[in-house]
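Colleague: Once you've had a glance at the structure underneath, I'll fire off some questions.
The values are calculated or read from the model by the stated rules, or taken from the named source; none is laboratory data. All values derive from a computational prediction rather than experimental measurement. Glycine gets a Cβ as well: all are built from the backbone with ideal geometry, and neighbour counts include every protein chain shown. Just the protein is used for accessible areas: all its heavy atoms, side chains included, with ligands, DNA and RNA removed. Shrake-Rupley method; radii C 1.70, N 1.55, O 1.52, S 1.80 Å.
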Amino acid sequence: MPKHVSAILIALVLIGGIAIRTFVLPRDTQDVACTAATASTANEASIIHQGWDAVAPGRVEPRTGEFKISAPMMGRISAVLVNPADKVFAGEALISFDDAEARAHVASARAQIAVRKRTRDEQRVTGRAADRRKAEDAVADAADSVISARARVDKAAIARRQSAASEIDLEAARKALAEAQDRLTQSRADLRTLVADPATPLPTQLEGQLNIARAELEAAEAGFERLTIRSPIDATVLQLNAKVGEFGTPGSPQPLVALGDVSALRVRAEIDEHDYGAVRVGQPAVVRSDAFRGREFAGAVTSVAPIVQSGRLGGSSQRNLTDVDVAEVLIDLHEPGPLAVGMKLDVYFGRLGTAVSAK
C-alpha cells in the first residue's frame with residue numbers, strides 16, 4: 001500500500017476518534033443528566049402521595065405581618081434612633097427629620113394663642129358661658145401636657161439606649177404619657193357634653209378667635225409630629241435603610257424601616273390552584289428549610305385566600321419555574337425555633353385530622 005494512502009487512513013482514524021469523544025461522550029453524559037433530572041422531578045411529584053395533601057413554597061414572616069414604613073414627606077433625616085434587631089415599643093421614635101420650619105410654625109401658633117387668650121380674658125363671662133370657657137381651657141392644657149409627656153418619653157427612650165437611663169425611668173415616663181392622654185380624652189368628653197347642652201351659650205367673637213388659634217396650633221403640632229417616624233406596635237427592627245443626612249422620599253420602593261413582632265411567626269405559602277381543594281383552615285402542616293436539614297417545624301393553616309392570582313414567591317421547585325396561578329395560605333407555627341423572618345422554605349400540608357409534630 002502506498003505511503004500516502006496509509007497516511008490518509010491514519011488521519012481518518014484520528015479524526016473519527018476525536019469526533020466520537022466530542023459528540024458521542026457528551027451526548028451520553030447529557031442523557032445521564034436528563035435521566036437524573038427526570039427521576040428527581042418524579043420523586044418531587046410523588047411527595048404528595050406520601051401522606052401529604054399538597055406541597056407549596058413559603059416564606060417566614062411575623063405573625064402580625066411586616067410593617068414597612070416610608071418617609072411621610074420629602075426631607076433630610078436628622079437622626080436615626082434605633083439599630084437593626086433592636087426591640088422597640090409602640091410609639092417609640094425611630095427616625096426623625098429636620099424640623100426647623102415645623103418648630104417655627106408651632107412657635108407662631110403659640111404666640112397667636114397668647115395674644116388671643118389675653119384679649120379674651122378681658123371679657124368677663126358668668127354662668128354656663130364661664131363653664132364652657134373653663135372646659136375649653138382644660139382641653140388646651142391637657143393637649144399641652146400630652147405633648148410634653150411624649151417629649152419626656154422620647155428623651156427617656158434615647159437615654160436608655162445610651163445607658164444613661166434605666167428601664168424604670170422609661171416606664172415612669174410612659175405611664176405619665178398614658179395618664180396625660182387619659183386626661184385629654186376626659187377633658188374633650190366633658191367639653192362635648194357641655195357644648196351639647198342647649199343652655200350653654202355660643203362662643204363670643206373673641207372666644208371664637210381663640211378657638212381658631214388653638215386649632216391652628218393643633219395643625220402645627222400635627223405637622224411637627226409627622227417629622228418623627230414612630231413604631232406602630234411592640235416589635236423588632238427587621239430592616240433599617242436610613243442614614244443621617246440622607247433625604248427620605250415618599251413612595252420609595254425601599255422602606256426606611258421594616259418592623260415585625262418576631263415573638264410569634266407564621267408562613268405565607270402559595271399553593272397551586274390545582275391543590276386549592278386540598279387545603280383547609282385548621283389543617284396541620286409542617287415546614288422544612290434547607291438551612292436546617294432534617295428538621296421539621298409544625299403549624300396549622302389559619303387562612304386560605306378566597307382568590308387565585310399570579311404567584312409572588314420565588315422557589316426552587318420545578319413548578320415554580322413556570323407561570324402558574326396560586327392562592328395564598330397562612331400557617332401559624334407552633335414553635336418556630338431558629339427560623340428567621342424572610343427565610344424560604346417548603347410547606348407540606350397534612351390530611352385533616354392527621355397529627356403532625358415537629359422533629
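Colleague: Got at least one residue in the stretch 221-231 being in contact with a Ser or Thr (Cβ under 7 Å, 6 or more places away or on another chain) and either modelled with pLDDT of 95 or more or open to solvent by 60 Å² or more (accessible area, probe 1.4 Å) (or both)? Don't jump to the end; show me each part of the working.
Modeller: Looking only at the stretch 221-231, we keep the residues that are in contact with a Ser or Thr (Cβ under 7 Å, 6 or more places away or on another chain), and these are 227-228.
Within this subset, residues satisfying the condition of being either modelled with pLDDT of 95 or more or open to solvent by 60 Å² or more (accessible area, probe 1.4 Å) (or both) are 227-228.
Yes - at least one qualifying residue is present in the stretch 221-231.
Colleague: Determine the pairs where a residue that is in contact (Cβ under 8 Å) with a residue 12 or more places away in the chain, located within the stretch 266-281, has a partner that is of a type in the set (Ser, Thr, Tyr) and surrounded by fewer than 16 Cβ atoms within 10 Å (Cβ to Cβ) with Cβ atoms under 7 Å apart, the partner being 6 or more residues away or on another chain.
Modeller: So the pair list comes out as 281/302; 281/303.
Colleague: Just give me the residues in the stretch 73-105 being surrounded by 19 or more Cβ atoms within 10 Å (Cβ to Cβ) and part of a helix (DSSP H, G or I), in sequence order.
Modeller: 102
Colleague: Could I ask something else about it? Do you know which residues across the stretch 270-286 are within 12 Å of residue 330 (Cα to Cα) and open to solvent by less than 30 Å² (accessible area, probe 1.4 Å)?
Modeller: Initial filter on the stretch 270-286 (within 12 Å of residue 330 (Cα to Cα)): 270-271, 279-285.
If the condition is that a residue be within 12 Å of residue 330 (Cα to Cα) and open to solvent by less than 30 Å² (accessible area, probe 1.4 Å), then 270, 271, 279, 283, 284, 285 are the ones that fit.
Colleague: Just to be sure before I move on: is residue 35 open to solvent by 40 Å² or more (accessible area, probe 1.4 Å), in contact with a helix residue (DSSP H, G or I) (Cβ under 6 Å, 6 or more places away or on another chain), farther than 25 Å from residue 342 by Cα and at pLDDT below 50 in the structure I sent? Step through it out loud before you land on a result.
Modeller: Values: open to solvent by 40 Å² or more (accessible area, probe 1.4 Å): yes; in contact with a helix residue (DSSP H, G or I) (Cβ under 6 Å, 6 or more places away or on another chain): no; farther than 25 Å from residue 342 by Cα: yes; at pLDDT below 50: yes.
Here the answer is no, as residue 35 does not meet what is asked.
Colleague: Then there is this: Of everything in the stretch 155-171, what is touching a Lys or Arg at 6+ places or on another chain (Cβ under 9 Å) and surrounded by fewer than 18 Cβ atoms within 10 Å (Cβ to Cβ)? Give them in sequence order.
Modeller: Of everything in the stretch 155-171, those that are touching a Lys or Arg at 6+ places or on another chain (Cβ under 9 Å) and surrounded by fewer than 18 Cβ atoms within 10 Å (Cβ to Cβ) turn out to be 165, 166, 167, 169.
Colleague: Please verify whether residue 137 is more than 24 Å from residue 224 (Cβ to Cβ) and either acidic (Asp, Glu) or in contact with a Phe, Trp or Tyr (Cβ under 7 Å, 6 or more places away or on another chain) (or both), treating the condition exactly as stated. Give the derivation first.
Modeller: Values: more than 24 Å from residue 224 (Cβ to Cβ): no; either acidic (Asp, Glu) or in contact with a Phe, Trp or Tyr (Cβ under 7 Å, 6 or more places away or on another chain) (or both): yes.
Taking the combined requirement at face value, the residue does not satisfy it.
Colleague: Shifting gears a bit: Just the residues that are within 27 Å of the chain's Cα centre (by Cα) and touching a residue at least 60 places away in the same chain (Cβ under 8 Å), please, taken from the stretch 120-164.
Modeller: 147, 153, 154, 157, 158, 161
Colleague: Against the conditions (1) open to solvent by 10 Å² or more (accessible area, probe 1.4 Å); (2) in contact with an Asp or Glu (Cβ under 8 Å, 6 or more places away or on another chain), where does residue 267 fall short? Just the number, please.
Modeller: With (1) open to solvent by 10 Å² or more (accessible area, probe 1.4 Å); (2) in contact with an Asp or Glu (Cβ under 8 Å, 6 or more places away or on another chain) applied to residue 267, the lone miss is (1).
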